[in-house]
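Computed from the coordinates by the stated procedures, all read-outs in this text should not be read as laboratory data. Quick caveat, the model's predicted, so the values are computed rather than measured. So basically every Cβ, Gly included, is an ideal-geometry build from the backbone, and we count neighbours across all protein chains shown.
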Amino acid sequence: MSTGVWPKEREPELIAMRQSGVTTRHIAELLGISDQLASYHLKDVEPITKMLDLLPDYPEETVRIPEGPCALTADWHSPYLSMLWVRRLFAVCTKLKVKRLAIVGDFTDLAWISHYIRKETRGSSAEDMEITVSVLGMLLDFFDEVYWSWGNHENRMSNILLGQDLLPVIGRAVAKSHKGRLITTDQQTMLLGNDWRLEHPKTFSRDAAKVAAAAAAIFHKHVACGHAHHFGMKYDVSGQYLGIDLGGMFDIGKQEYLHKGGITVLPAWTPGFWVYKSKKMLPFENALVDWNDYGTA
Ligand SMILES: [Fe+2]
Ligand SMILES: [Fe+2]
């Protein structure tokens, strides 16, 4: 049997309490009434926390590349990639015995599904994809493991397909007929060992490694970034963590944007890549390497 009187005048306040997640038993105690009476008056009130629980959440599923040697690349913009830089990557990795590759976003350009209007009319999405599939196969023959995280250009696929993404399926299909293992993630972050974050950030700066160093200060890890098409390194404000810009495997001569888009006050794009080995980060960029040492001058 219920006891006490339901205080009608306080009902809005009591409904708000129940919505916030306070139990009917606790409300009954506060009012000095029975549990049954409080439950009867509040039975139709859903705590908002319950509704929030129905929303999706996104658990941490960040790909972690196990500690060990790994070539770090970004911004291939396939099919507008540079075969010279691919040869250099293979020559360096052969000499340094590196059998794992990270691609930190913008491996594919996907120009044909860009919302930017292209002036160039040669080629087609099918031809572009054929080159991309061939290059990916080549990488999976050379490397034992290829880790590929998404950049803003990979995201063009899901943007145009209303959230669907065919790139992982295409990747798996290619990997089936090559010896290397392909690991893809639609996140724009990967981890390398315990000390490095590999990022394709949303933020851009004209100053090489500035975004990477700022991110390093936030995450208390060394940070390697794609996206800016710069090459460089910079310590964070603490001086403990390193930020690097990865350069890119793009072919500058094939970038329509650079030739037909008018002038820019941004720095020139700098091709290059890095190799992580024995917990050291080694730079491979024209100003820093004599390519004769690798037979790829
Ligand atoms: Fe890019
Ligand atoms: Fe990008």
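Computed on the chain, with alpha-carbon pairs under 8 angstrom and 6+ residues apart, the relative contact order is 18 percent. Paramagnetic label reach from Ser134 (point 7 Å along Cα→Cβ; backbone nitrogen cut-off under 13 Å): within the range 79-110, residues 79-81, 83. Each residue of the range 101-108 was assigned a 3J(HN,Hα) from its phi angle through the Karplus curve 6.51 cos²θ - 1.76 cosθ + 1.60 (θ = phi - 60°); the sequence is 10, 10, 10, 9, x, 6, 5, 9 Hz, with glycine and proline shown as x. Residues Asp57, Asp293, ranked from the fewest to the most other C-beta atoms within 10 Å, line up as Asp57, Asp293. Within the same chain, lysines fewer than 8 places from Lys279 are excluded, and of the rest, those with a Cα less than 19 Å from its Cα are Lys95, Lys97, Lys99, Lys221, Lys234. The ranking of His220, His153, His178 from fewest to most other beta carbons within 10 Å of each one's beta carbon is His220, His178, His153. Projected label points at Ser238 and Leu288, each 7 Å from Cα along the beta carbon direction, are separated by 2.3 nanometres.
Under 5 Å between amide hydrogens, built in the peptide plane, is the criterion, and for Ile65 it picks out Leu191, Leu192, Gly193 among residues at least 5 positions away or on other chains. Taking a sphere under 11 Å around the Cβ of Lys279 and counting the other residues whose Cβ falls inside, with K and R at +1 and D and E at -1, yields a net charge of 0. When the Gaussian network model of the chain links Cα atoms closer than 10 Å, the mean-square fluctuations of Val45, Val211, Val133 top out at Val45.
Residue-wise HN-Hα couplings along the range 66-78, as the Karplus relation 6.51 cos²θ - 1.76 cosθ + 1.60 with θ = phi - 60° gives them from phi, are x, 3, x, x, 7, 7, 10, 10, 7, 6, 6, 6, 4 Hz; Gly and Pro carry x.
Placing +1 on each Lys and Arg Cβ and -1 on each Asp and Glu Cβ, with no other charges, gives the range 138-297 a dipole about its Cα centre of roughly 240 debye. Using the rule -39500 (n - 2.57) for each DSSP H run of four or more residues, divided by the residues of the chain, the 222 nm mean residue ellipticity is -9000 deg cm²/dmol. With a/c under 1.5 counting as rounded, go ahead and sort the chain into rounded, prolate or oblate using the C-alpha gyration tensor (a ≥ b ≥ c being the square roots of the eigenvalues; past the cut-off, prolate if a/b is larger than b/c, else oblate). Verdict is prolate for the chain. Entry note, the range 46-194: relative contact order of 31 percent, from Cα contacts under 8 Å with a spacing of 6+ residues.
Residues Arg25, Arg88, arranged from fewest to most other Cβ atoms within 10 angstrom of their Cβ, appear as Arg25, Arg88. Extending 7 Å from Cα along the Cβ direction at Gln164 and again at Ser20 yields two label points whose distance is 4.6 nm. Modelled spin-label separation between Ala173 and Leu31, with each label point placed 7 Å from Cα along the Cα-to-Cβ direction: 6.2 nm. For the range 1-49, the relative contact order comes to 48 percent (Cα pairs under 8 Å, sequence separation of at least 6).
A Gaussian network model of the chain, with springs between Cα atoms under 10 Å, assigns the largest mean-square fluctuation among Leu166, Leu81, Leu136 to Leu166. Computed from the C-beta positions of Ser278 and Thr94, the FRET efficiency with R₀ = 22 Å rounds to 0.80.
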